[in-house]
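The structure appears below as structure tokens.
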Amino acid sequence: MRLVAVVGPSGAGKDTLMALACAADPRIRAVRRVITRPEAAGGEDFEGVTDAVFDDRLAQGDFALHWQAHGLHYGIPRAELTGQGVLMFNGSRAVLPQARALYPELSVILVTAPSEVLAQRLAARGREAAGDRATRLARAEFALPDGISAITVTNDGTAARGLARFLAALQPERV
């Protein structure tokens, strides 16, 4: 199994590209994250839980990785990190040092888009208030942690073009 962290600003299209890659190649799988957000919020395929349930699962050691961002808790279940092929997870830049320490062969793909594209996508998905969108856009320019390198995929056009770039970044010689 090759483990790949997919990171980037909100609205860059990480979940879309990951879903398209999984549909395009059965050897590529995505981890289903646990998030303290109602599943009805939409977007990616995730397991929505309450803060209390998340805390209980964290205490039981269910998560290989976990972090907090935008007022939510995110977890990567240990049970998901098995199998063959390429296994991707949508992660936070802040968790990359911990992830690399636990999984030294971890590869990182940074999905990004110009700020005007990010703003349009965040507004279109309708999950956040204007102030929350502004906060997410302000974080878009944050650098990767020291010692972490990534292959950058610019997702600024059609889904097909973004997918082609993403699949190229996933090639074994690249990641």
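Of note:
- Residue in region 3-20 that is assigned to a helix (DSSP H, G or I), surrounded by fewer than 21 Cβ atoms within 10 Å (Cβ to Cβ) and in contact with a helix residue (DSSP H, G or I) (Cβ under 8 Å, 6 or more places away or on another chain) present: yes
- Which listed residue is of a type in the set (A, V, I, L, M), touching a residue at least 40 places away in the same chain (Cβ under 8 Å) and in contact with a Lys or Arg (Cβ under 9 Å, 6 or more places away or on another chain), from L72, L110, L96: L110
- Within region 44-55, residues that are more than 23 Å from L122 (Cβ to Cβ) reach no partner that is modelled with pLDDT under 95 and part of a helix (DSSP H, G or I) with beta carbons closer than 7 Å at six or more positions or on different chains.
- Count of residues meeting criterion [among the small types (G, A, S) and in a loop (DSSP other than H, G, I, E, B)] in region 26-51: 2
- Checking every residue in region 52-67 against the condition of being outside any helix (DSSP H, G or I), small (G, A, S) and surrounded by fewer than 18 Cβ atoms within 10 Å (Cβ to Cβ) gives at least one match.
The values are calculated or read from the model by the stated rules, or taken from the named source; none is laboratory data. Note that the structure is a prediction, hence the values are computed from the model and not measured. Backbone-built Cβ (ideal geometry, glycine too); neighbour counts: all protein chains shown.
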